[in-house]
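Asks: Shown below is the structure under consideration.
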Amino acid sequence: MDQHGTQTAHPTDTRATNQHIDNVERTHCCIIGAGPAGSVLALLLARRGIPVILLEAHEDFEREFRGDTIHPSVMEIMDEIGLSDRLLQLSHAKVHTLTAQTDEGPVTIGDFGRLKTRYPFITIVPQSRFLEFVTAEAKRYPHFRLVMGASARELIEENGVICGIRYLRQEIWHEVRSLLTVGADGRFSHIRHLAGLPSIKSSPPMDVLWFRLPRRQDDPEGLVGVFRRGRILVLIDRSDYWQVGYVFSKGGYQQLRTAGVEALQLSIAEVMPRFSDRMENLKDWSQVSLLSVESDRLTRWYRPGLLLIGDAAHVMSPVGGVGINYAIQDAVVAANVLAGPLRTEQLRPQHLATVQRRRVWPTRIIQAFQTLVQRRVITAALDADTRFVLPPLLRLFLRLPILRNVPARLIGLGVWRVHVKE
Ligand SMILES: Cc1cc2nc3c(=O)[nH]c(=O)nc-3n(C[C@H](O)[C@H](O)[C@H](O)COP(=O)(O)OP(=O)(O)OC[C@H]3O[C@@H](n4cnc5c(N)ncnc54)[C@H](O)[C@@H]3O)c2cc1C
């Protein structure tokens, strides 16, 4: 993948199969992908004394095209392992509410202050800092190893069991033999493809342009969604700048490109007039990344010796910005279930099935919620011919004391909480 998150074809290398490989390592768990899911799983297993190798294709964690939110549930998890105070020492912003600006005025979609948690806010930290923090913590354990620039290419399968991975680093093939291989390699998962695991797809109606704009002192704070004239802007407050998501109907990208960057500037300024004074900062398309919105979920998350978690198991729609939260919760459940069998070297497929069973329902529920919002809100909001108003049922939902906390709860804490088992 390049820095914009688009999938890059693997260069045509000589296949390692049938070649002698000198660099062979053995470990209990080999994790592919040092994103939120892979890094947190590696840390949790390392803390429990399990030998772990974590492979990351990139040489560093610096990537523009990522979510930067740490939800209340993730802060609770960090608290359980004694890291929340140090995490909050990283430079961050706190978001207490999710607000939608509509033609009828602002509507609070979620108020994290109402949740019963020690951390009633979303913490915005660049994901690169968060991953550096988590992997630095894992490095304190001598049986943990992080290999950057290591691109996993081939699964090693013997008698129907996955027993390791071959990866390329600086054009040299390496092999890791492990009791368990975990594919945490994100939305373009190569491991999912190699394992031949089937998925169920849904069709989100939108794509997103992703770019930065300067933030001024008197700008609003927090996470803001602006719904106007057939367009949606999502604004994420990153203290000194806005991370902007410009949401448009799926398939409309070529039309936007043809209309030119000036038309895009104009369109953004129409939706958010206070940005008129800074649109000259968006000069050309190199500053803009396209997020082709997908959503799917594997019907089976494992094979003997292999487990997939995070986006590799379920690509999340950006609705609600929950991908990191759910990926990390997968990691916690996987560590809880698998640390024992890994330590005693008694790992069985039913342990992997347990991880899937515990995580598939929260995934199904949040994806059903996202699909509902896409159908009832996003599709209507992207229709340029009608004035957008929030559906009356949703307004009522957000007013009823018993229901109004549901979106904040689903986004902030997940369908149900997960806790780190020591
Ligand atoms: C533009 C954008 C904005 C987003 N905003 C938000 C947000 O605000 N909040 C939120 O919660 N979620 C957001 N998301 C979604 C969120 O980033 C993902 O759901 C989350 O990162 C998934 O974590 P993961 O660890 O499963 O996968 P990833 O974060 O994708 O990590 C996978 C890792 O695997 C590595 N990798 C891939 N292939 C290989 C290989 N062959 N060998 C070795 N390593 C490999 C990759 O380099 C990457 O580091 C956003 C996503 C995008 C694209």
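Asks: Can you spot a residue in region 148-160 that is touching a helix residue (DSSP H, G or I) at 6+ places or on another chain (Cβ under 9 Å), under 18 Å from HIS58 (Cβ atoms) and charged (D, E, K, R)?
Replies: Yes.
Asks: Listed residues LEU146, LEU155; which is more than 22 Å from the chain's Cα centre (by Cα), open to solvent by 10 Å² or more (accessible area, probe 1.4 Å) and within 14 Å of the ligand (Cβ to nearest atom)?
Replies: Among LEU146, LEU155, only LEU155 is more than 22 Å from the chain's Cα centre (by Cα), open to solvent by 10 Å² or more (accessible area, probe 1.4 Å) and within 14 Å of the ligand (Cβ to nearest atom).
Asks: Still on this structure: Please go through region 361-416 and give me each residue that is surrounded by fewer than 18 Cβ atoms within 10 Å (Cβ to Cβ), of a type in the set (Gly, Ala, Ser) and touching a helix residue (DSSP H, G or I) at 6+ places or on another chain (Cβ under 9 Å), ordered by number.
Replies: Hits for region 361-416: nothing passes.
Asks: If you check ALA100 against the conditions, is it surrounded by 17 or more Cβ atoms within 10 Å (Cβ to Cβ), away from the ligand (no atom under 15 Å from the Cβ) and either among the aliphatic types (A, V, I, L, M) or at positive phi (or both)?
Replies: Spelling it out, ALA100 is indeed surrounded by 17 or more Cβ atoms within 10 Å (Cβ to Cβ), away from the ligand (no atom under 15 Å from the Cβ) and either among the aliphatic types (A, V, I, L, M) or at positive phi (or both).
Asks: Which one of these is open to solvent by less than 10 Å² (accessible area, probe 1.4 Å), touching a residue at least 12 places away in the same chain (Cβ under 8 Å) and more than 10 Å from the ligand (Cβ to nearest atom): VAL52, VAL40?
Replies: VAL52
Asks: In region 190-248, which strands (runs of 3 or more DSSP E) lie fully inside it and hold 1 or more residues that are crowded, with 17+ Cβ neighbours inside 10 Å?
Replies: Here the list reads 206-214, 223-228, 231-238.
Asks: Would you mention how many residues in region 36-64 are in a loop (DSSP other than H, G, I, E, B) and within 25 Å of LEU88 (Cβ to Cβ)?
Replies: 6
Asks: Which one of ARG375, ARG417, ARG404, ARG387 is basic (Lys, Arg) and part of a helix (DSSP H, G or I)?
Replies: Residue meeting the stated conditions: ARG375.
Asks: Report yes if GLN127 is open to solvent by 10 Å² or more (accessible area, probe 1.4 Å) and under 24 Å from ARG47 (Cβ atoms), otherwise no.
Replies: It is true that GLN127 is open to solvent by 10 Å² or more (accessible area, probe 1.4 Å) and under 24 Å from ARG47 (Cβ atoms).
Residue-by-condition table, conditions (1) among the basic types (Lys, Arg); (2) out of contact with any Phe, Trp or Tyr (no Cβ under 8 Å at 6 or more places or on another chain):
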{"site": "ILE109", "(1), (2)": "no, yes"}
{"site": "GLY113", "(1), (2)": "no, no"}
{"site": "LEU131", "(1), (2)": "no, no"}
{"site": "VAL134", "(1), (2)": "no, yes"}
{"site": "GLU137", "(1), (2)": "no, yes"}
{"site": "ARG140", "(1), (2)": "yes, yes"}
{"site": "GLY149", "(1), (2)": "no, yes"}
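Asks: Oh, and also: Please work out if PRO72 is farther than 24 Å from ARG114 by Cα and either buried (at least 18 other Cβ atoms within 10 Å of the Cβ) or basic (Lys, Arg) (or both).
Replies: no
Asks: Given (1) within 14 Å of the ligand (Cβ to nearest atom); (2) open to solvent by 20 Å² or more (accessible area, probe 1.4 Å); (3) more than 30 Å from LEU88 (Cβ to Cβ), where does ILE165 come up short, assuming only one miss?
Replies: If we test ILE165 against (1) within 14 Å of the ligand (Cβ to nearest atom); (2) open to solvent by 20 Å² or more (accessible area, probe 1.4 Å); (3) more than 30 Å from LEU88 (Cβ to Cβ), just (2) comes out false.
Asks: Just one of THR344, THR299 is more than 10 Å from the ligand (Cβ to nearest atom), of a type in the set (S, T, N, Q) and free of Cβ contacts under 8 Å to residues at least 24 places away in the same chain; which is it?
Replies: THR344
Asks: Please name all residue pairs, on different chains or six or more residues apart, with Cβ atoms under 7 Å, provided the first residue is in region 358-373 and is of a type in the set (Ser, Thr, Tyr) and the second residue is open to solvent by 30 Å² or more (accessible area, probe 1.4 Å).
Replies: THR363/ARG297; THR371/SER202
Asks: Another one. Checking the conditions here, which among ARG274, ARG297, ARG257 is in contact with a strand residue (DSSP E or B) (Cβ under 6 Å, 6 or more places away or on another chain) and either at pLDDT 95 or above or part of a helix (DSSP H, G or I) (or both)?
Replies: ARG297
Asks: Would you pick out the residues in region 403-421 that are in contact (Cβ under 8 Å) with a residue 60 or more places away in the chain and either under 16 Å from ILE366 (Cβ atoms) or among the hydroxyl-bearing types (Ser, Thr, Tyr) (or both)?
Replies: ASN405, PRO407, ALA408, ARG409, LEU410, ILE411, GLY412, LEU413, GLY414, ARG417, VAL418, listed by residue number.
Asks: Which one of these is away from the ligand (no atom under 12 Å from the Cβ), part of a helix (DSSP H, G or I), open to solvent by 40 Å² or more (accessible area, probe 1.4 Å) and free of Cβ contacts under 8 Å to residues at least 40 places away in the same chain: SER286, SER267?
Replies: None of the others qualify; the one that does is SER286.
Asks: Take the conditions part of a loop (DSSP other than H, G, I, E, B), modelled with pLDDT of 95 or more and either near the ligand (Cβ under 9 Å from one of its atoms) or open to solvent by 10 Å² or more (accessible area, probe 1.4 Å) (or both) and apply them to VAL315. Does it pass?
Replies: Yes: the conditions hold for VAL315.
Asks: Restricting to region 55-67, name every residue that is crowded, with 23+ Cβ neighbours inside 10 Å and either within 15 Å of the chain's Cα centre (by Cα) or more than 14 Å from the ligand (Cβ to nearest atom) (or both).
Replies: none
Asks: Quickly run through region 118-158 and pick out the residues that are at pLDDT 95 or above and of a type in the set (Val, Ile, Thr).
Replies: Passing the criteria: VAL134, THR135, VAL147, ILE156.
Asks: Restricting to region 169-188, what's the tally of residues that are within 11 Å of the ligand (Cβ to nearest atom) and surrounded by 24 or more Cβ atoms within 10 Å (Cβ to Cβ)?
Replies: 5
Asks: Ok, one more. Among residues belonging to region 68-88 that are of a type in the set (Gly, Ala, Ser) and more than 14 Å from the ligand (Cβ to nearest atom), point out the one that is nearest to VAL315 (Cα to Cα).
Replies: Among them, the one singled out is SER84.
The values are calculated or read from the model by the stated rules, or taken from the named source; none is laboratory data. In this text the structure is predicted, and so the values were computed from the model without any measurement. Every residue, glycine as well, gets a Cβ built from its backbone with ideal geometry; the counts of neighbours run over all protein chains shown. Each accessible area value is taken on the protein alone, full model and side chains, heavy atoms only, with ligands, DNA and RNA left out. Shrake-Rupley method; radii C 1.70, N 1.55, O 1.52, S 1.80 Å.
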